[in-house]
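Some notes on the structure that comes next.
The values are calculated or read from the model by the stated rules, or taken from the named source; none is laboratory data. These numbers were taken from a predicted model, which means no experiment stands behind them. Cβ coordinates were reconstructed from backbone atoms using ideal geometry, including for glycine residues, and neighbour counts include every protein chain displayed. With ligands, DNA and RNA removed, areas are computed over all heavy atoms of the protein, side chains included. Shrake-Rupley method; radii C 1.70, N 1.55, O 1.52, S 1.80 Å.
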Amino acid sequence: MWEKIKGFFRLIRWFNLLIAGLCFIFFHQFIIRPALVNVEPTLNLYEVIALALAVMSIMAAGNILNDYYDYPQDNQFKPKRVVIGKYISYNVVPYWVVAFNLLGLALAAWISYTSNNLKLLNIFFLAALLLWQYSAVLKRYFLVGNIVVAFLCGVVFILPVLYEKKLFTAELPPRVTYYVFAQMKGYFVFAFFITLIREIVKDAEDYEADKEYGMRTLPVVIGMRKAALVAGSLQLMLMIAILFVLYIYWKTGLKNHFWYAALFVFFPLLVNVIPLMVAHRGKDFAVQSVMLKLSMVFGLASLPLFYVFNRFSL
């Protein structure tokens, strides 16, 4: 029984779901809410958590569906990591996909209705559709699936802003809305690039399987070494963007922000970039995938930490 539970949590990628949910909650609670001085936010904490659970549910459905379509490939090339057919019946999997999608859409519909933002429910429908298309079709094409997944991960930082109507209707000082939108753009770019790089790295890990099954992923089309160079180049672009942010922190006197971002966000990427560019085996890319996930965690942790730094600097 315990093995089935562990297998199920591995199937839905519980840690990735947790990161996505916390990104949504943290951005609202530590960026948007403090910016709305003397203005009651549209969403309370329970509604924010409900929307985060909606995001996590849609993602869980997508993760399960991805493994469902990849079952023959994974069963051949990664038999020890396969969950479907071992701990969860192959025939039951579609019901779990439907259940998670319905749960996510129901939660999103409820909060969209209570906040008078029903149009935003379309984003959740579109996300569920794109994740289905990704698993069934898009991931087979050159970079298309990677970009779709990276974009959806970045949208997690846009959703809290779209749901917070007071940012658009209340008479807020221009600096407040500028701050929130600047933070949204910054975290979107970080999430997009980190996810895109990691998707390419994961494709490199699965090179042999993808090649045999006719996938047109980046490593299959241009080769492992060139794919590593592309991933490394994207990481360099992200590092340049972070350097620009570090410069702003230093010039504006945000020294705590500077040192945290430099040591825990920029430095791990710096250490990782050369090994990423020269990686050429599946095992090499597996290490890079872990390092990139660590960078995601440090990026997420910056939200509550920077809030604390701001409070102490007042």
*Just how large is the dipole of the chain about the Cα centre, in debye to the nearest 20, putting +1 at every Lys and Arg Cβ and -1 at every Asp and Glu Cβ?*
400
*Could you check how much of the accessible area of the range 149-222 is carbon and sulfur, as a whole percent, using a 1.4 Å probe?*
60
*Förster-model FRET efficiency, 35 Å R0, Lys78 and Leu120, C-beta, rounded to 0.05*: 0.40
*Fluctuation leader among Leu196, Leu159, Leu118 - the chain, Gaussian network, Cα springs under 10 angstrom*: Leu118
*May I ask for the distance between the Cα centers of the range 251-276 and the range 97-137, given as a whole number of Å?*
35
*Could you estimate the translational diffusion coefficient of the range 61-110 from the Stokes-Einstein equation, with Rh from the Kirkwood formula over C-alpha pairs, at 4 °C and 1.567 mPa s, in whole µm²/s?*
111
*Give the angle, between 0 and 90 degrees and rounded to the nearest 10, that separates the Cα long axis of helix 282-313 from the longest principal axis of the Cα atoms of the chain.*
10
_What distance in nm separates the two pseudo spin-label positions at Leu294 and Tyr95, each 7 Å out from Cα along the beta-carbon direction?_
4.2
*Percent of accessible area on the range 1-134 owned by carbon and sulfur, 1.4 Å probe?*
66
*Give the angle, between 0 and 90 degrees and rounded to the nearest 10, that separates the Cα long axis of helix 93-114 from the longest principal axis of the Cα atoms of the chain.*
10
*Can you send over the carbon and sulfur percentage of the accessible area for the range 248-314, probe radius 1.4 Å, protein chains only?*
74
*Could I have the simple spin-label model distance between Leu129 and Lys165, label points 7 Å from Cα toward Cβ, reported in nm to one decimal?*
2.5
*Distance in nm between pseudo-label sites at Ala109 and Phe142 (7 Å out along the Cβ direction from Cα)*: 4.1
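In this model, which of Lys6/Lys185; Lys202/Lys255; Lys78/Lys185; Lys211/Lys283; Lys78/Lys226 are farther than 28 Å apart at the alpha-carbon?
Too far apart for the 28 Å limit: Lys6/Lys185; Lys202/Lys255; Lys78/Lys185.
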*Report, to the nearest 10°, how far helix 121-136 tilts away from the longest principal axis of the Cα atoms in the chain, using its own Cα long axis and a range of 0 to 90°.*
20
*Roughly what percent of Cα-Cα pairs across the chain reach past 37 Å?*
19
*Among Met237, Met215, Met277, determine the one that fluctuates most according to a GNM of the chain built with springs between C-alpha atoms less than 10 Å apart.*
Met237
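Accessible area per residue, 1.4 Å probe, Å², for the chain: what's the number? Provide the component values of the computation, followed by the final result.
Numbers: 16220 Å² over 314 residues.
Here the per-residue accessible area is 52 Å².
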*Could you give me the ³J(HN,Hα) list for the range 73-81, computed from phi with Karplus coefficients 6.51, -1.76, 1.60 and θ = phi - 60°, whole Hz, x at Gly and Pro?*
5, 5, 5, 7, 9, 9, x, 6, 9
_Spin-label proximity, Asn310 to the range 20-37 - amide N less than 13 Å from point 7 Å beyond Cα toward beta carbon_ = 26-37
